[in-house]
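*Asks:* I'd like to ask some things about the structure below.
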Amino acid sequence: MLEQVNYEVLDKAKQAFIEASKRTLGFAKNYGFVPNERLGASANVFSLDLKPFIESGDDRLYITLIPEGLGTADDARPDDLTDDELELFWHNIGGKTLGALTNDAASSGMQTILISLYLPSSTPERVFNQPFLNGFLKDS
């Protein structure tokens, strides 16, 4: 018999990610747009100010979305970590994930303005716990 998905755990993690993303909205003013601070769910609207692009005379506009996931990070996690060690583990994974994503874009000459991060897990209640959220979403 298949186990049911625990949406309470998933929704708590989703809300934590939405709140963390709101802390990053200040950068957007550098690009001529500011997303609505009422972020939520899986879809959000972004408005781009294209005047600088049009005035530059370029005939092509390139926009990229970086979809990425953690891959096997959860599989690599030792089972005997304390909550403090687990928080540090996820903080390091978060930094490495973000670094890999933005480096991929930068090496192609792109400025990252949006990342779509996939966080797969067959056992969300084992992964999306408080040490994960504290570590993965920690500033700096």
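*Asks:* Can you give the FRET efficiency to the nearest 0.05 for residue 104 and residue 15, using r as the Cβ-Cβ distance and R₀ = 22 Å?
*Replies:* 0.20
*Asks:* Here is a further query. Roughly how many Å² is the accessible area per residue of the stretch 83-140, as a whole number, for a 1.4 Å probe?
*Replies:* In whole numbers, the stretch 83-140 has 59 Å² accessible per residue.
*Asks:* For residue 51, give me every one of the lysines with a C-alpha distance below 19 angstrom, ignoring sequence neighbours fewer than eight places off in its own chain.
*Replies:* Within reach: 29.
*Asks:* Using 0.36 nm per residue of separation minus the Cα-Cα distance, give me the extension gain between residue 126 and residue 4 in nm, one decimal.
*Replies:* Length gained between residue 126 and residue 4: 42.5 nm.
*Asks:* Multiplying the sequence separation of residue 61 and residue 116 by 0.36 nm and subtracting their Cα-Cα distance, what value in nm do you get?
*Replies:* Additional length available on full extension: 17.8 nm.
*Asks:* Using a Förster radius of 30 Å, what is the FRET efficiency between residue 139 and residue 50 based on their Cβ-Cβ separation? Nearest 0.05, please.
*Replies:* Computed FRET efficiency for residue 139 and residue 50 comes out at 0.45.
The values are calculated or read from the model by the stated rules, or taken from the named source; none is laboratory data. What you are looking at is a predicted structure, and each value in this text was computed from that prediction instead of being measured. As a convention, Cβ positions derive from the backbone with ideal geometry for all residues, glycine included, and neighbour counts pool all protein chains shown. Ligands, DNA and RNA are excluded from the accessible area calculation, which covers all protein heavy atoms including side chains. Shrake-Rupley method; radii C 1.70, N 1.55, O 1.52, S 1.80 Å.
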